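Scroll down for the structure; my scribbles are underneath it.
The values are calculated or read from the model by the stated rules, or taken from the named source; none is laboratory data. Since we're looking at a predicted model, the values are computed, not measured. Positions of Cβ are generated from backbone atoms using ideal geometry, with glycine treated the same way; all protein chains shown enter the neighbour counts. Just so you know, the surface numbers come from the protein's heavy atoms only, side chains and all, with ligands and any DNA or RNA stripped out. Shrake-Rupley method; radii C 1.70, N 1.55, O 1.52, S 1.80 Å.
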Amino acid sequence: MSRQTSRLDAKKVNSELLTLTYGALVSQMLKETENVEDVNKQLERIGYNMGVRLIEDFLARTTSNRCLEMRETADKIQQAFKLYLSMQPTVTSWSSSGDEFSLVWDQCPLSEWVEMPNNGLKYCALIPGAIRGALQMVQLDVQCWFVQDQLKGDAVTELRVKYIKRLEDAVPAGED
Amino acid sequence: MADDILFELLHSEIINYSLEQSKDNKEKKDMDLSVVEYIGFAAGYKIMERLTREWPRFKDELDTMKFICTDFWTCIYKKQIDNLRTNHQGVYVLQDNAFRFLTNFSNGHQYLEYAPRDIGIKMDSDGSKNLNHNIRSIAAYSIIKEIQELLGTLTLR
């Protein structure tokens, strides 16, 4: 019985590899650092760095135009989630002033097969970091944080995004 | 399912992270790659567990190597391996002339010395893969670089 070359689904394998590599990274970080807050910060920064470069890919692929208000930005973020993680978060809970919203999802490739230690780890801190980094590259300063986290027993994962200001200067503040 | 570019970005961030972790011993040229290796190992081990769960056991070493060079390599590195040599005593030399994670390097000598850092992670995913199949393996791998940095050679023993 010979094995066929097409037995592996490349897309699926790569996606799983990402999940597992990320998992290995997080567990390695936890081993190295006692302080969970530090790990969260590190993950956020890794996400930030990725976001900074990811936005270019996003703009190239989608040929998006400039967003005029936060609602458009939210749509784009939603689109990016679909493009990069094949997931469809819902945009909800807009604040009355229209500068703050939530992204809600119940399934994420990153957090598959994850068992959480009970120590305040924000496993998916990569995602808010990436959003922050990407938006900073298009002169939007936002804040991103988790309100609910499935990995901590909530029914869904809710990520809150808050508009802070427009960055006038095109040079973003270096993060190091 | 996640897009490929995410993995590439994550990969370079992991390298970045491990460099930062080991920057205390800055004076040394050869960086401490154990973090990258560990991450590669753990991820490789687990992915193999998932991929081959329902497969018949590999018949022998050669069968395993064949799997690595064809199925696995095309999946992860997006191309066939360019050359596989063996001395029939358990040493395999895998050669890839355009390794996925190195093609982003500019084509010159300037960064040549940094290249090994980048390779570490994939090496280990290979190593662990073998381990997972109970073949005496991983023990050693080496990177032989030639003028073109995209040439990585790996020896599994």
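Here are the numbers for the structure shown:
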| item | result |
| --- | --- |
| For A:Asp154, distant residues with modelled amide H under 5 Å away | A:Asp149 |
| Backbone HN-Hα couplings from phi across segment A:63-70 [Karplus 6.51/-1.76/1.60, Hz, Gly and Pro as x] | 6, 6, 8, 4, 8, 9, 8, 4 |
| Average partner coverage of B:7-15, which counts Cβ from other chains inside 10 Å | 6 |
| Given A:Lys152/B:Lys79; A:Lys76/B:Lys79; A:Lys152/B:Lys46, the pairs whose alpha carbons are separated by over 28 Å | A:Lys152/B:Lys79; A:Lys76/B:Lys79 |
| Accessible area that becomes buried as A packs against B, both chains, 1.4 Å probe, Å², nearest 100 | 4000 Å² |
| Chain A: calculated mean residue ellipticity at 222 nm from DSSP helix runs of at least 4, using -39500 (n - 2.57) | -15000 deg cm²/dmol |
| Max mean-square fluctuation residue, GNM over chain A, Cα-Cα springs under 10 Å, options A:Gln28, A:Gln78, A:Gln107 | A:Gln28 |
| If the convex hull is drawn through the Cα atoms of segment A:15-166, its volume per residue in Å³ | 108 Å³ |
| Amide H contacts of A:Val142 (H built 1.01 Å from N, under 5 Å, at least 5 apart or other chain) | A:Ile164 |
| Per residue value of the accessible surface for chain A (all protein chains in place, 1.4 Å probe), Å² | 52 Å² |
| Sites A:Trp113 and A:Glu168, calculated FRET efficiency, Cβ-Cβ separation with R0 35 Å, nearest 0.05 | 0.20 |
| Longest DSSP-loop-exposure-free segment, chymotrypsin sites (Phe, Trp or Tyr not before Pro), chain A, at most 14 other Cβ within 10 Å | A:1-93 |
| Residue with peak Gaussian network fluctuation, chain A [Cα springs, cutoff 10 Å], from A:Lys11, A:Lys152, A:Lys162 | A:Lys11 |
| Accessible surface of chain A, 1.4 Å probe, proportion on carbon and sulfur as whole % | 47 percent |
